[in-house]
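The values are calculated or read from the model by the stated rules, or taken from the named source; none is laboratory data. From a predicted model like this one, the values you see are computed outputs, not experimental measurements. Cβ coordinates were reconstructed from backbone atoms using ideal geometry, including for glycine residues, and neighbour counts include every protein chain displayed.
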Amino acid sequence: MTRGFLVLSAAGLMAASCCAPEARSEARTVKVAVAASLTEAFTALAKEYETEHPGVRIRPTFAASSALAQQVNDAAPLDVFASADEESMSKVTVAGNALDPKVFARNRLAILVGKGNPKAITSLADLAGPGVVFLLCAPEAPCGRFGAAALEKAKVKARPASLEENVKGVVSKVALGEADAGIVYATDVKAAAGRAEGVDIDIDGDPALTAVYPIALTRQADDVEAASGWVDFVLSERGQQTLSRFGFLPP
């Protein structure tokens, strides 16, 4: 092989490289702000989606919806917001930082108690019993607002031992035996199976005590196509089946 041929070959390769379509060197990433109560469900949904779309990576951030709404309004680099309540989503849409939210799931309240339910808690009224240590989420978090409303509706005057940042904080402390009970969502009871137990809250059909979960693209979404594909998946029949498996109610 001559030197001249080598030079021509190298030049040809360079020309082909210049003219070929630019390939993505990294996967497309969708950064999702997700309500803490969706931790298990959205972790599973992300794995399913990534398996079917190997060029896309879903990167969730789990926290209280109120905190996430503030992050979106502060222009944090987030592409999608999935909230546990319409109020938090409204704060973002009114500010013009989220687009066309759609409800993708609902949830209901429940009481989480330690394994074996040692304090024999059967209702909200028992949370006011002597020696019962119970927890609520902070009032700015949806689970805290709904929990306080449930206690008020049931006319139960019980003082929580602490107000947790989000619902997973309540779950963790009850499961570890640091509290006797906490007001959480039914899906959290399901997720904590084996570590804690659940007690139903019997407040018939009050829509104010049902958590409604909307999802939307943020105004600052970096890859609108990839983010829209993820939102469509959550809303799809496949996504709904996964959410149902984790105990969420349909929209």
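Could you please give the count of residues in segment 195-216 that are out of contact with any Pro (no Cβ under 9 Å at 6 or more places or on another chain) and modelled with pLDDT of 95 or more?
Number satisfying all stated conditions: 5.
Check THR122, THR93, THR61 and return the single one that is of a type outside the set (A, V, I, L, M), out of contact with any helix residue (DSSP H, G or I) (no Cβ under 9 Å at 6 or more places or on another chain) and not assigned by TED's automatic domain parsing to the domain that holds VAL174.
THR93
Scan segment 126-152 and report the pairs whose first residue is without any contact (Cβ under 8 Å) to a residue 40 or more places away in the chain and whose second residue is part of a helix (DSSP H, G or I), with Cβ atoms within less than 8 Å and a gap of 6+ or a chain change.
Final answer for the pair search is PRO139/ARG145; PRO139/ALA148; LEU151/LEU124; LEU151/LEU127.
Of the residues GLN240, GLN220, which is in contact with a Phe, Trp or Tyr (Cβ under 9 Å, 6 or more places away or on another chain) and among the polar types (S, T, N, Q)?
Unique residue meeting the criteria: GLN240.
Cβ contacts < 8 Å: first residue under 17 Å from ALA35 (Cβ atoms) and in contact (Cβ under 8 Å) with a residue 24 or more places away in the chain, restricted to segment 182-200; second residue outside any strand (DSSP E or B) and aromatic (Phe, Trp, Tyr), any location; separation 6+ or different chain. Result?
ILE183/PHE146; THR187/PHE246; THR187/PHE248; LYS190/PHE246; ALA191/PHE246
Quick check on segment 43-63. Is at least one of its residues under 30 Å from LYS157 (Cα atoms) and not β-branched (Val, Ile, Thr)?
Looking for residues that are under 30 Å from LYS157 (Cα atoms) and not β-branched (Val, Ile, Thr), one finds at least one in segment 43-63, hence yes.
Given the residues ASP206, ASP180, ASP202, which is the only one that is more than 27 Å from THR61 (Cβ to Cβ) and touching a Gly at 6+ places or on another chain (Cβ under 8 Å)?
It is ASP180.
Report, by residue number, each residue of segment 77-93 that is crowded, with 23+ Cβ neighbours inside 10 Å and among the small types (Gly, Ala, Ser).
Once the filter is applied, which keeps residues that are crowded, with 23+ Cβ neighbours inside 10 Å and among the small types (Gly, Ala, Ser), segment 77-93 yields ALA82, SER83, ALA84, SER88.
If you check ALA35, ALA27, which single one turns out to be modelled with pLDDT of 95 or more and either over 17 Å from TYR213 (Cα atoms) or surrounded by 17 or more Cβ atoms within 10 Å (Cβ to Cβ) (or both)?
ALA35
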